[in-house]
Amino acid sequence: MKSFLFSAVTVMLCLFISCKDTGTANTASVNSDNEKNRANSKEIYRAIETGDVTKLDSIIDKDIVDHGDMGDMHGIDTLKKLFVQYHNQVKDLKMEPIADATDGDYHFTYFRMTGTAADASMGVPAGTKMDMTGVDMVKIKDGKATEHWGFAQGRDMMKMMSMNPTMKPCMDKMMEMQNKMNGNMNTKKQDTTTHL
């Protein structure tokens with residue numbers, strides 16, 4: 001039995017190795033695209049952190065579409081204004097890429113964003129510490145970003161929203177609905193107050 005298992009594993013390993021694409025030109029091209037996309041993502045995050053959007057024309061298409069929860073935003077000028085506004089609304093803003101990947105025309109970045117709300121315009125009280133993770137998905141054409149989708153971790157968003165006293169009743173209602181959907185109707189009411 002051990003001999004059969006060893007033989008089967010050896011055959012599978014040989015098949016795996018023989019089927020592996022050894023085309024270094026193709027691999028080098030994919031790695032080059034991923035490195036370029038990674039550098040471009042970091043440049044965009046740097047623009048958001050600093051408010052300096054002067055380098056974005058070389059990496060974002062002038063007709064970019066940003067698909068957001070509140071509807072689509074069109075054009076690089078609109079995006080630049082949003083980046084500057086976000087920079088001004090969040091003190092000590094940091095955008096840290098955690099992992100990324102390129103697949104065909106799409107680049108994905110899993111990131112962590114931290115900072116402090118400068119005022120209440122972000123929906124949280126001024127001085128609120130912000131810490132969230134999310135994923136940016138960017139469509140690339142001719143070396144420039146043409147479309148963007150952003151996905152935030154719901155848990156992180158709810159935690160920040162719970163810091164706003166006017167949101168507490170809404171958060172409690174959402175937790176009650178979630179408990180009902182999960183069949184936890186008889187469980188103790190969950191506290192949505194954030195304790196730091």
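The values are calculated or read from the model by the stated rules, or taken from the named source; none is laboratory data. None of these values were measured; they are calculated from a predicted model. A quick note on method: Cβ atoms are made from the backbone with ideal geometry, for glycine too, and the neighbour counts reach across all protein chains shown.
Some notes on this structure:
- Within region 40-52, none of the residues are touching an Asp or Glu at 6+ places or on another chain (Cβ under 6 Å), assigned by TED's automatic domain parsing to the domain that holds Met130 and not in a helix (DSSP H, G or I).
- Contact map, region 46-60: first residue aromatic (Phe, Trp, Tyr), second residue surrounded by 13 or more Cβ atoms within 10 Å (Cβ to Cβ) and assigned to a helix (DSSP H, G or I), Cβ cut-off under 7 Å, separation 6 or more or different chains; the map is empty.
- Count of residues meeting criterion [closer than 17 Å to Leu93 by Cα and of a type in the set (Lys, Arg)] in region 114-152: 1
- Region 128-152 - residue that is under 14 Å from Lys62 (Cα atoms) and among the small types (Gly, Ala, Ser) and, of those, surrounded by the fewest Cβ atoms within 10 Å (Cβ to Cβ): Gly143
- Total residues in region 133-172, condition modelled with pLDDT of 65 or more, closer than 28 Å to Lys80 by Cα and more than 18 Å from the chain's Cα centre (by Cα): 4
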